[in-house]
Amino acid sequence: MAKKQTAGRTLLGDLAPKFAELNDDVLFGEVWSREAQLSLRDRSMVTIAALFSAGQYPQLKSHLEIGRAHGVTRQEAVEIITQLAFYCGWPKAWSAFPLIREVYGEEADGAADPAGLSAFPLGEKNDAFAQYFIGQSYLAPLSTRQIPVYNVTFEPGCRNNWHVHHASSGGGQMLICISGRGWYQEQEQAARELHPGDVVNIPAGVKHWHGAAKDSWFQHLAIEVPGKDGRTEWHEPVDDAQYRTLK
Ligand code: MN
């Protein structure tokens, strides 16, 4: 959910009260808040693109900050400017990159706020399973009836330990990738790179792990496939040196 915007009234309320009201109540209050139509992160990305194209650098910097709060990573901001440099002008890119450096600093992308990664809720820090994860993950139950569905969010570099979803019949797990970039790997297999829209079918009894790329947030829905005697058996963490070789 977008924070209530007060920048208009704070900065311009005395000079241009109607403009301030329209900015805070209509632009942010009514348009930006239509998250069911377009997520905050997506709205930030198109706004960054528009301001870059127009050469509006002070506004661009403000919207890089807003975008960061909406889950746009530093790498994504760099990628937006890299692509648009061809359409909007090379010198504009030279002017925009220092703004990204100012807003994001040298921090890992993990410092961005993941709340706006997708239309699904982020949920709470995944403390119950933290012992089986490296790095910070978040868990949001979307459905706890009929078929259990969870939204799982991994910060950059976060992944779960090797594990097996057991069942005496049926069972297993499905992942539906919705945001960022991640990895899935089954034992003795090469890791598979994951992007939004990818679906992973994990049979019961197969040892595997899933998680984020080292430089990107990652979010997937996890669906518990109905089965008999379902339980998850946790194994060793993913070897760090091996994980680091994944791009
Ligand atoms: Mn799994």
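The values are calculated or read from the model by the stated rules, or taken from the named source; none is laboratory data. Since the model is a prediction, treat every value here as computed from it, not as a measurement. Neighbour counts are summed over all protein chains in view; Cβ atoms, including those assigned to glycine, are modelled from backbone coordinates with ideal geometry. All accessible areas refer to the heavy atoms of the entire protein, side chains included, with ligands and DNA or RNA removed. Shrake-Rupley method; radii C 1.70, N 1.55, O 1.52, S 1.80 Å.
Of the conditions (1) within 25 Å of the chain's Cα centre (by Cα); (2) over 20 Å from Ala140 (Cβ atoms); (3) open to solvent by less than 40 Å² (accessible area, probe 1.4 Å); (4) within 13 Å of the ligand (Cβ to nearest atom), Gly171 fails just one. Which one is it?
(1)
Would you pick out the residues in the stretch 153-197 that are in contact with a Leu (Cβ under 9 Å, 6 or more places away or on another chain) and within 16 Å of Leu117 (Cα to Cα)?
Those that are in contact with a Leu (Cβ under 9 Å, 6 or more places away or on another chain) and within 16 Å of Leu117 (Cα to Cα): Thr153, Ile176, Cys177, Ile178, Ser179, Gly180, Arg181, Gly182, Leu194.
Considering only the stretch 114-132, state which residues are out of contact with any Pro (no Cβ under 9 Å at 6 or more places or on another chain), open to solvent by less than 30 Å² (accessible area, probe 1.4 Å) and either within 20 Å of Glu76 (Cα to Cα) or aromatic (Phe, Trp, Tyr) (or both).
Passing the criteria: Pro114, Gly116, Leu117.
Of (1) of a type outside the set (Val, Ile, Thr); (2) modelled with pLDDT of 95 or more; (3) out of contact with any Ser or Thr (no Cβ under 7 Å at 6 or more places or on another chain); (4) surrounded by 15 or more Cβ atoms within 10 Å (Cβ to Cβ), Lys18 satisfies all except one. Which?
Just one mismatch for Lys18, condition (4).
I'd like to verify a number: residues in the stretch 64-80 that are open to solvent by 10 Å² or more (accessible area, probe 1.4 Å) and closer than 17 Å to Glu35 by Cα, how many? Write out each step before concluding.
Keep residues of the stretch 64-80 that are open to solvent by 10 Å² or more (accessible area, probe 1.4 Å), which gives 65-66, 68-70, 74-76, 78-80.
Filter once more, keeping what is closer than 17 Å to Glu35 by Cα: 66, 68-70.
Residues that pass the stated criteria total 4.
Give the stretch 212-238 a look and list any residue that's aliphatic (A, V, I, L, M) and outside any loop (DSSP other than H, G, I, E, B), or say none.
Kept after step one, since they are aliphatic (A, V, I, L, M), are these residues of the stretch 212-238: 212-213, 221-223, 225, 238.
Ala212, Leu221, Ala222, Ile223 - these are the residues of the stretch 212-238 that are aliphatic (A, V, I, L, M) and outside any loop (DSSP other than H, G, I, E, B).
Among Pro141, Pro196, which is the only one that is touching a residue at least 12 places away in the same chain (Cβ under 8 Å), in a loop (DSSP other than H, G, I, E, B) and open to solvent by 50 Å² or more (accessible area, probe 1.4 Å)?
On the way: Pro141 fails: in a loop (DSSP other than H, G, I, E, B).
That would be Pro196, the only listed residue that is touching a residue at least 12 places away in the same chain (Cβ under 8 Å), in a loop (DSSP other than H, G, I, E, B) and open to solvent by 50 Å² or more (accessible area, probe 1.4 Å).
Under 9 Å by Cβ, and 6 or more places apart or on different chains, what pairs join a residue from the stretch 86-104 that is farther than 16 Å from Ala50 by Cα with one that is of a type outside the set (A, V, I, L, M) and outside any helix (DSSP H, G or I)?
Tyr104/Thr73
Quickly run through the stretch 202-220 and pick out the residues that are at pLDDT below 95 and either basic (Lys, Arg) or within 10 Å of the ligand (Cβ to nearest atom) (or both).
Selection gives Lys214 alone.
Being more than 11 Å from the ligand (Cβ to nearest atom) and assigned to a loop (DSSP other than H, G, I, E, B) is the filter; apply it to the stretch 147-161 and report the residue that is surrounded by the fewest Cβ atoms within 10 Å (Cβ to Cβ).
Ile147
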